[in-house]
Amino acid sequence: MSFEKYGLSPELLSGLADVRIEKPTPLQEKMLPIVLDGKHALVETHSNDDLAFLIPALQKITEHVLILTPSIERAEKIDEQVWALGYHAQISSALMAMKGDKTTQEQALTDGAPVIVANPGRFIEILEKKNFRLNNLKLIVIDEAHEMQQFNLVNRVKDILRFVDCEPQIVMLSQEQNSATKQLVKLALK
């Protein structure tokens, strides 16, 4: 089975070819139709298959995508994948992590980067400092929701969602139904 059956753009298909991904994984086959149809979802996954949400997210780039992930390393990896897959479609991303230069990250938000990959702690700092409202998001991905508790980020994610002035699709990925996942599901999924 190939990615063509999902109606992906030629540019995104070229990006997949560039990174040598020829057919969808089982998780991608499960998620692609759900996310492309615009449905909210909580997906239990035991793999770090970032492409399961990145492929449909990049297909939807007519407005903006926000990807929240708890660790700096995950954020960096996802950001690199966005750049690789989005190259032909000229889709760029901005990484907002505690390691990066805050001024540069603030400017990327102000400039309207189409994809923001962020750690919740740094992202809420920037939103609060700039009093920046998120009013054109198409999709929010909450990656590794189960880890938000370990990093003490559940309240940060809740705070970020208060800055959202639109009704984006929300996709949450979690390895387990722990307290963090349950809190975030109750708050974010409809």
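Can you pull out the residues in region 45-66 that are within 25 Å of residue 149 (Cβ to Cβ), touching a strand residue (DSSP E or B) at 6+ places or on another chain (Cβ under 6 Å) and either modelled with pLDDT of 90 or more or not in a loop (DSSP other than H, G, I, E, B) (or both)?
Result: 53, 57, 65, 66.
Condition check: touching a strand residue (DSSP E or B) at 6+ places or on another chain (Cβ under 9 Å) and open to solvent by 30 Å² or more (accessible area, probe 1.4 Å). Does residue 21 satisfy that? Break it down stepwise before answering.
Details: touching a strand residue (DSSP E or B) at 6+ places or on another chain (Cβ under 9 Å): no; open to solvent by 30 Å² or more (accessible area, probe 1.4 Å): yes.
No.
Hey, can you tell me all the residues within region 1-37 that are of a type in the set (Gly, Ala, Ser) and part of a loop (DSSP other than H, G, I, E, B)?
Residues satisfying the conditions are 2, 7, 9.
Can you confirm whether region 67-87 contains a residue that is assigned to a strand (DSSP E or B) and surrounded by 21 or more Cβ atoms within 10 Å (Cβ to Cβ)?
Among the residues of region 67-87, at least one is assigned to a strand (DSSP E or B) and surrounded by 21 or more Cβ atoms within 10 Å (Cβ to Cβ), which makes the answer yes.
Output the residue which, of all residues in region 92-103 that are under 14 Å from the mean Cα position of the chain (by Cα) and open to solvent by 20 Å² or more (accessible area, probe 1.4 Å), is nearest to residue 148 (Cα to Cα).
95
Does region 57-80 hold any residues that are more than 14 Å from residue 143 (Cα to Cα) and free of Cβ contacts under 8 Å to residues at least 40 places away in the same chain, and which are they?
Going residue by residue through region 57-80, those that are more than 14 Å from residue 143 (Cα to Cα) are 58-64, 80.
Hit for region 57-80 is 80, nothing else.
Return yes or no: is residue 5 out of contact with any His (no Cβ under 6 Å at 6 or more places or on another chain) and at pLDDT 85 or above?
Answer is yes for this residue.
The values are calculated or read from the model by the stated rules, or taken from the named source; none is laboratory data. Please read all numbers here as calculations on a predicted model, not as lab measurements. No Cβ is skipped: glycine too gets one built from the backbone with ideal geometry, and neighbour counts run over all protein chains shown. Heavy atoms of the whole protein, side chains included, go into the accessibility calculation; ligands, DNA and RNA do not. Shrake-Rupley method; radii C 1.70, N 1.55, O 1.52, S 1.80 Å.
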